[in-house]
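Sharing a structure, written as C-alpha cells. Questions coming.
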Amino acid sequence: MPPTVPQSSTSLSPEAIFQAPPWRGAGGRYRLGLSPIDAAQWFPQRISISERERKTALLRDEREQVLTCLERGADAAALAARCVAEHLQQSHVESLEQASLLVPDDLCVMQRSGDVYELVAASLCSPSYWSLKEKIGQPLWAIHATVDGLNEAIGARMQRFFERLPLQRIFERRNWSMHTDADRFHPGVQPEPPLPAAAQVLRSERQTLRKLNDDVVLFTINVRFAAVSDLAGHLDAAAEMRENMRCWSADERADFGEARYDALLEYLKTLLEP
Ligand code: HEM
C-alpha cells in the first residue's frame, strides 16, 4: 500500500474570498489584474503545522511531481530560497525545498532566456490541474498555450509586464475556479463535474510576482477555498459573479468548462431570482 498523503489540510476560508471577490471589476477571466503590494504583505501567513505535514508527505511520496530544478536554474532557485528565507528572517535555509516548508505558498522560479521567461525550478504542492513535469523548462507563452485563447487575449501584455517589472517590487493577482473538492493537490486533468454546482467549491489563488534580479522572477501561489453554497450568504458577491461571467468570451467559458459554467449560472439564478 502506498503511504497516504494527508489531503485537505485546508479548512474552507470563505472570508479570504468574499471580502474582495476575485471576480470583481472590469474584465473577465483573462486579465492581468496585477496590483503592487507592500513587502510586508508578500507572505502574510506562515505555514500551519498540518500544511507543513502535507507538503512534507508530498515531498517524500510524490517528489518528482512537486519539486523540480533544472541544472540551468540552480542559481535562480538558490536565490529564490534565500530571498524567501531572508524575508521571513530565517537562517539555515539553503534550498527551494526548505524555503517551501516555511510558507503555505507554492514557489515557481522563472528565469529569462533571451526575450522570454522560462520555468526553471518549482516547489508545487497545490497545482490546480497542471503538471510540473509537463511545464518545467517551458517559457510563459508555452505554459499558457493549453489555456484556450489566453495568449491571444493577454500574452503580449504578460510578456511586457515581465520585461518591465521593476526590481524587488511585488505585484499580486487573484484568480478563481470551481472544483469538486477542497483538496489542494490536483496535478491531473480536471474531470467533468459529476456534482451540482451547490455541492462544489470555489478555489481562488492569490499569486505574487517579484523580480529578484535582472533575470529571475519568483511567482508564488497561495490557495484558498469557499463552498459554492456560501454564495447564498453573500448575494452581492453572487450578483457580481454573474455579471462577470456573463461577459466571458467563448474561450474563457471553454477553459472554465462549459458544463461547469452552465451549472454555476443555473445555481446563481436560483439564488438571485428565487
Ligand atoms: C502576468 C502573470 C500571469 C498572468 C496574468 C497569468 C494568467 C493566467 C490565466 C488568466 C490563466 C487561466 C486560468 C486562470 O484564471 O488561472 C492562467 C493559467 C495558468 N498559468 Fe498563468 N499567469 C501569469 C503567470 C504565470 C506564471 C509565472 C506561471 C508559471 C508557473 C503560470 C502558470 C500557469 C499555469 C500552469 C496555468 C494553467 C495552465 C493549464 O490549465 O494548462 N502563470 N494564467
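Being modelled with pLDDT of 95 or more, touching a strand residue (DSSP E or B) at 6+ places or on another chain (Cβ under 9 Å) and either aromatic (Phe, Trp, Tyr) or surrounded by fewer than 16 Cβ atoms within 10 Å (Cβ to Cβ) (or both) is the filter here, so list the residues in region 176-198 that pass it.
Within region 176-198, just TRP176 meets the criteria.
Considering only region 216-231, state which residues are of a type in the set (S, T, N, Q) and surrounded by fewer than 18 Cβ atoms within 10 Å (Cβ to Cβ).
Matches in region 216-231: SER229 only.
So, one more: Just one of VAL189, VAL103 is part of a loop (DSSP other than H, G, I, E, B) and within 10 Å of the ligand (Cβ to nearest atom); which is it?
VAL189
Before we move on, is ALA156 out of contact with any Gly (no Cβ under 7 Å at 6 or more places or on another chain), in a helix (DSSP H, G or I) and of a type outside the set (S, T, N, Q)? Lay out the reasoning, then the answer.
Values: out of contact with any Gly (no Cβ under 7 Å at 6 or more places or on another chain): yes; in a helix (DSSP H, G or I): yes; of a type outside the set (S, T, N, Q): yes.
Yes.
If you don't mind, another one. Pull out all pairs, ordered by first then second residue, where Cβ-Cβ is under 8 Å, the residues are six or more apart or on different chains, the first lies in region 194-207 and is small (Gly, Ala, Ser), and the second is within 16 Å of the ligand (Cβ to nearest atom) and assigned to a helix (DSSP H, G or I).
As it stands, the answer is ALA197/ARG260; ALA197/LEU264; SER204/ILE17, since those pairs meet every condition given.
All but one of (1) open to solvent by less than 40 Å² (accessible area, probe 1.4 Å); (2) touching a Lys or Arg at 6+ places or on another chain (Cβ under 8 Å); (3) polar (S, T, N, Q) hold for SER131; state the number of the condition that does not hold.
With respect to (1) open to solvent by less than 40 Å² (accessible area, probe 1.4 Å); (2) touching a Lys or Arg at 6+ places or on another chain (Cβ under 8 Å); (3) polar (S, T, N, Q), SER131 is out only on (2).
Among (1) farther than 23 Å from ALA78 by Cα; (2) open to solvent by 40 Å² or more (accessible area, probe 1.4 Å), which single condition is ILE154 missing?
If we test ILE154 against (1) farther than 23 Å from ALA78 by Cα; (2) open to solvent by 40 Å² or more (accessible area, probe 1.4 Å), just (2) comes out false.
Could you please let me know if ALA198 is farther than 27 Å from ASN213 by Cβ, assigned to a helix (DSSP H, G or I) and either near the ligand (Cβ under 9 Å from one of its atoms) or of a type in the set (Lys, Arg) (or both)?
No.
Got a number for residues in region 81-99 being at pLDDT 95 or above and either part of a helix (DSSP H, G or I) or charged (D, E, K, R) (or both)?
The qualifying residues number 11.
Restricted to region 20-43, and to residues that are among the hydrophobic types (A, V, I, L, M, F, W, C) and near the ligand (Cβ under 10 Å from one of its atoms), which residue is surrounded by the fewest Cβ atoms within 10 Å (Cβ to Cβ)?
LEU32
Something else now. Would you mind stating whether GLU134 is in a helix (DSSP H, G or I), at pLDDT 95 or above, more than 10 Å from the ligand (Cβ to nearest atom) and not aromatic (Phe, Trp, Tyr)? If you could, list the steps in order and put the result at the bottom.
Working: in a helix (DSSP H, G or I): yes; at pLDDT 95 or above: yes; more than 10 Å from the ligand (Cβ to nearest atom): no; not aromatic (Phe, Trp, Tyr): yes.
Taking the combined requirement at face value, the residue does not satisfy it.
Of the residues ARG242, ARG173, ARG253, only one is open to solvent by 10 Å² or more (accessible area, probe 1.4 Å), within 23 Å of GLU273 (Cβ to Cβ) and within 13 Å of the ligand (Cβ to nearest atom); which?
Checking each option against the conditions leaves just ARG253.
Determine, yes or no, whether VAL5 is modelled with pLDDT of 95 or more, among the β-branched types (Val, Ile, Thr) and touching a helix residue (DSSP H, G or I) at 6+ places or on another chain (Cβ under 6 Å).
When the stated conditions are applied, VAL5 does not pass them.
Additional query: Among (1) farther than 30 Å from LEU58 by Cβ; (2) touching a residue at least 24 places away in the same chain (Cβ under 8 Å); (3) exposed (fewer than 15 other Cβ atoms within 10 Å of the Cβ), where does ASN213 come up short?
Condition not satisfied by ASN213: (1).
Does SER123 count as within 12 Å of the ligand (Cβ to nearest atom), at pLDDT 95 or above, open to solvent by less than 30 Å² (accessible area, probe 1.4 Å) and in contact with a strand residue (DSSP E or B) (Cβ under 9 Å, 6 or more places away or on another chain)? Explain how you work it out, then say what you get.
On the way: within 12 Å of the ligand (Cβ to nearest atom): yes; at pLDDT 95 or above: yes; open to solvent by less than 30 Å² (accessible area, probe 1.4 Å): yes; in contact with a strand residue (DSSP E or B) (Cβ under 9 Å, 6 or more places away or on another chain): yes.
In short, yes.
The values are calculated or read from the model by the stated rules, or taken from the named source; none is laboratory data. Since the structure is predicted, the reported quantities are computational estimates derived from the model, not experimental observations. All Cβ positions, even for glycine, are placed from backbone atoms using ideal geometry, and neighbour counts span all protein chains on display. These accessible areas exclude ligands, DNA and RNA; they are computed on the full protein's heavy atoms, side chains included. Shrake-Rupley method; radii C 1.70, N 1.55, O 1.52, S 1.80 Å.
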